[in-house]
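The next block holds one structure in the form of structure tokens; read it before the comments.
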Amino acid sequence: MAARRSKHLLPGFGVTLGVTMLYLVIIVVLPLLAMLLKVGGMGWPEFWRIISMPRSLAAYRVTFGSALAATAFNGVFGMLMAWVLTRYRFPGKRLLDALIDLPFALPTAVAGLTLVTLFSQTGWYGQFLEPLGIKVNYSQLGIIVAMIFTSIPFVVRTVQPVLEDLQVDLEEAAKTLGATNWQVFTRIIAPVILPAFMAGCVLSFARSLGEFGAVVFIAGNLPGLTEIVSLLIFIRLDEYNYEAAAALALILLLTAFATLFITNALQAWQLRYTDRTR
């Protein structure tokens, strides 16, 4: 009887499911439904006119291009960081491991102000970069830097647990058979961590697309040059142009659903691959 009661520490299934669904409807479904109704009420010609305006296309180019560049950097750096935290022991390792999660805890507006200060003409980094002709503040490079800072933990935290669970005896067995370090990595380690690595990159890309607070402070927000989609949506809302804001938001929503689908597919692939290798 005690064992049976221990399985139900929370209230019954109906209560917990009801509370969960109520929260989901209020926080997620209703706002999305309101946005879809707003878009559906404008008609296809008006919707296409809004999302295909030169200013909107420029915002897409800046946002998606910067997100792709940030994801590419995070893929390389995040993979190396996960490898270092998993395979090596050194003083300050726990501190470095904790700092990886700092972008999750730090308000994005604070991150943006910090980056602007660091890359200003008299900042710690800017005083060395600007004489070389490298301008970060108020440029697309600044947008990429802000996106990198806010999304780097996703790659590290998805790859790190897979590396920790990887059996080292497989690598040692391959080396005893004459395999080089590169062959061990490409044929034993890479196939195992690839699904998690790709999932982390997809999550990093999705976070970069929706970033707002850290970007607006460092971007300069020049239409056609450094204006991102999230800021353009905010501007349309400030102009009480809710239809245009909803149309632009729908583009980001569809992209988010696509990345979510890719992430779930990669996770399912990883589980199937792990089951086959056991």
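The values are calculated or read from the model by the stated rules, or taken from the named source; none is laboratory data. Remember, it's a predicted structure, so these values are computed and weren't measured experimentally. So basically every Cβ, Gly included, is an ideal-geometry build from the backbone, and we count neighbours across all protein chains shown. Ligands, DNA and RNA are stripped out before the accessible areas are found, and what is left, the full protein with its side chains, is counted by its heavy atoms. Shrake-Rupley method; radii C 1.70, N 1.55, O 1.52, S 1.80 Å.
All of (1) modelled with pLDDT under 85; (2) open to solvent by less than 10 Å² (accessible area, probe 1.4 Å) hold for Val215 with one exception: (1).
Quick one: in the stretch 220-243, of everything that is of a type in the set (A, V, I, L, M) and touching an Asp or Glu at 6+ places or on another chain (Cβ under 9 Å), which residue is most open to solvent (accessible area, probe 1.4 Å)?
Looking at residues that are of a type in the set (A, V, I, L, M) and touching an Asp or Glu at 6+ places or on another chain (Cβ under 9 Å), I get Ile235.
Pairing each residue of the stretch 9-21 that is exposed (fewer than 10 other Cβ atoms within 10 Å of the Cβ) with any residue that is modelled with pLDDT of 75 or more, provided the two are 6+ apart or on different chains, yields C-beta distances under 6 Å for Leu10/Thr16.
Candidates in the stretch 20-63 are the residues that are in a helix (DSSP H, G or I) and of a type in the set (S, T, N, Q); of these, the one that is nearest to the chain's Cα centre (by Cα) is Thr63.
Of the residues Lys93, Lys175, the single one that is farther than 22 Å from Val229 by Cβ and touching a Leu at 6+ places or on another chain (Cβ under 8 Å) is Lys93.
In this structure, does Ile218 turn out to be more than 30 Å from Phe47 (Cβ to Cβ) and either touching a Cys at 6+ places or on another chain (Cβ under 9 Å) or touching a residue at least 60 places away in the same chain (Cβ under 8 Å) (or both)? Spelling it out, Ile218 is indeed more than 30 Å from Phe47 (Cβ to Cβ) and either touching a Cys at 6+ places or on another chain (Cβ under 9 Å) or touching a residue at least 60 places away in the same chain (Cβ under 8 Å) (or both). In the stretch 244-258, what residues are surrounded by fewer than 19 Cβ atoms within 10 Å (Cβ to Cβ) and either charged (D, E, K, R) or without any contact (Cβ under 8 Å) to a residue 24 or more places away in the chain (or both)? Across the stretch 244-258, the qualifying residues are Leu254, Phe257, Ala258. Checking every residue in the stretch 138-157 against the condition of being open to solvent by 30 Å² or more (accessible area, probe 1.4 Å) and small (Gly, Ala, Ser) gives zero matches. On the stretch given as the stretch 92-143, residues that are hydroxyl-bearing (Ser, Thr, Tyr), touching a residue at least 12 places away in the same chain (Cβ under 8 Å) and farther than 15 Å from Val215 by Cβ total 1. Of the residues in the stretch 171-185, none is open to solvent by 30 Å² or more (accessible area, probe 1.4 Å), within 30 Å of Ser120 (Cα to Cα) and either modelled with pLDDT of 85 or more or polar (S, T, N, Q) (or both).
Matching residues to (1) touching a helix residue (DSSP H, G or I) at 6+ places or on another chain (Cβ under 9 Å); (2) closer than 19 Å to Asn221 by Cα; (3) open to solvent by less than 60 Å² (accessible area, probe 1.4 Å); (4) not in a helix (DSSP H, G or I):
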| site | (1), (2), (3), (4) |
| --- | --- |
| Arg89 | no, no, no, yes |
| Leu95 | no, no, no, no |
| Val110 | yes, yes, no, no |
| Trp124 | yes, no, no, yes |
| Phe128 | no, no, no, no |
